[in-house]
Amino acid sequence: MKLKGKTAIVTGSSQGIGLGCALEMAKQGAEIILNDRPGSEILADAVKEVEKLGVAAHGVEADAYTREGAQSITDAAMERFGKIDILVSVPGFNLRDSFLDFDPDNFEKNIAGVLTAGFHMSQLSARQMVKRGQGGKIIFISSVLAEVANARCLAYTAGKAGLNQMMRLIAVEMFEHHINVNAIEPGWIDTPGERISYDDDTMEVEGRKLPWGRLGTPEDIGKAATFLASADADYITGVSLPVDGGYKLRHCREIPPEK
């Protein structure tokens, strides 16, 4: 129970990576503020799933892409639990299109979801952590695409690269407050969002091509986030941690000689 007594905000946590992080942290004793957009039909079920693990949980319907939404999430955490020990900033928005055809409005939406939301949530949470004076943990969910230029992921890739650099700057400014600031770079993770873009057969075939022989899971990312949120990671800050089953290095494997 490495997070017992801690309160964690996990944005975008009604499914996928966000829910994976919420569940793994709850297993280690953390109280959880879950979040999804207004009108979510699945947030209540996610809250119940977390509560089954024996911890307190509360769902907040709010748009973390906006300042107002981010403020309502942090306000809810303070009202319900009185403190914020951990932030896991998960929101992501990936509309795929070619560079020449990319819609400018969609570019702005991608940047808002990938980068701007992280700024709002981290600044508001960090202010509460600094005010309390007992340190804290801020974890951004970035992507291996921050460093890998996959075609048709223009805005998402640019936003995640910016997120990594923002994380490092925030880490530097939070040194004096003993607030650890890190990012996780998931590889190809089997989430509901990915299954909108790819059918089951494609996901299975492509997963077998990866070095680990499978796609990643939300649980994989949740375990990494739980580690970074724990005292075990006290001496780690300003780091981008790939959790990708070798995705970034998949083309570095030796090519067997022809027989």
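The values are calculated or read from the model by the stated rules, or taken from the named source; none is laboratory data. Model, not experiment: these values are computed from the prediction. No Cβ is skipped: glycine too gets one built from the backbone with ideal geometry, and neighbour counts run over all protein chains shown.
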Margin query: Given (1) of a type in the set (Phe, Trp, Tyr); (2) out of contact with any Leu (no Cβ under 8 Å at 6 or more places or on another chain); (3) within 18 Å of residue 151 (Cβ to Cβ), identify the lone condition not met by residue 102.
Written below: (2)
Check: Between a first residue in the range 246-258 that is modelled with pLDDT of 90 or more and a second residue that is assigned to a helix (DSSP H, G or I), which pairs have beta carbons less than 9 Å apart while being 6 or more apart in sequence or on different chains?
Finding: 246/252; 247/144; 248/144; 250/209
Notebook entry, point to check: When you look at residue 142, is it out of contact with any His (no Cβ under 8 Å at 6 or more places or on another chain), small (Gly, Ala, Ser) and more than 22 Å from residue 230 (Cα to Cα), yes or no?
Noted result: no
Note to self: Tell me the residue from 157, 237, 226 that is closer than 22 Å to residue 34 by Cα, of a type in the set (Ser, Thr, Tyr) and either free of Cβ contacts under 8 Å to residues at least 24 places away in the same chain or surrounded by 14 or more Cβ atoms within 10 Å (Cβ to Cβ) (or both), please.
What the structure shows: 226
Checklist line | Qualifying residues in the range 190-220 (those that are within 10 Å of residue 245 (Cα to Cα) and touching a residue at least 40 places away in the same chain (Cβ under 8 Å)) - the one nearest to the chain's Cα centre (by Cα) | finding: 220
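Matching residues to (1) modelled with pLDDT of 95 or more; (2) out of contact with any Phe, Trp or Tyr (no Cβ under 8 Å at 6 or more places or on another chain); (3) among the aromatic types (Phe, Trp, Tyr); (4) not in a strand (DSSP E or B):
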{"position": "159", "(1), (2), (3), (4)": "yes, yes, no, yes"}
{"position": "162", "(1), (2), (3), (4)": "yes, yes, no, yes"}
{"position": "165", "(1), (2), (3), (4)": "yes, yes, no, yes"}
{"position": "171", "(1), (2), (3), (4)": "yes, yes, no, yes"}
{"position": "176", "(1), (2), (3), (4)": "yes, yes, no, yes"}
{"position": "180", "(1), (2), (3), (4)": "yes, yes, no, no"}
{"position": "184", "(1), (2), (3), (4)": "yes, no, no, no"}
{"position": "193", "(1), (2), (3), (4)": "no, yes, no, yes"}
{"position": "196", "(1), (2), (3), (4)": "no, yes, no, yes"}
Checklist line | Filter result (aliphatic (A, V, I, L, M) and assigned to a helix (DSSP H, G or I)) within the range 231-250 | finding: 231, 233, 249
Check: Got a sec? Which of 126, 151 is assigned to a loop (DSSP other than H, G, I, E, B), in contact (Cβ under 8 Å) with a residue 12 or more places away in the chain and surrounded by fewer than 23 Cβ atoms within 10 Å (Cβ to Cβ)?
Finding: 151
Next item on the list: Determine whether residue 158 is among the aliphatic types (A, V, I, L, M), within 13 Å of residue 115 (Cβ to Cβ) and in contact with a strand residue (DSSP E or B) (Cβ under 7 Å, 6 or more places away or on another chain).
Entry: no
Note to self: Tell me which strands (runs of 3 or more DSSP E) are completely within the range 1-116 and hold 1 or more residues being touching a residue at least 24 places away in the same chain (Cβ under 8 Å) and farther than 27 Å from residue 134 by Cα, or say none if there are none.
What the structure shows: 31-36, 57-61
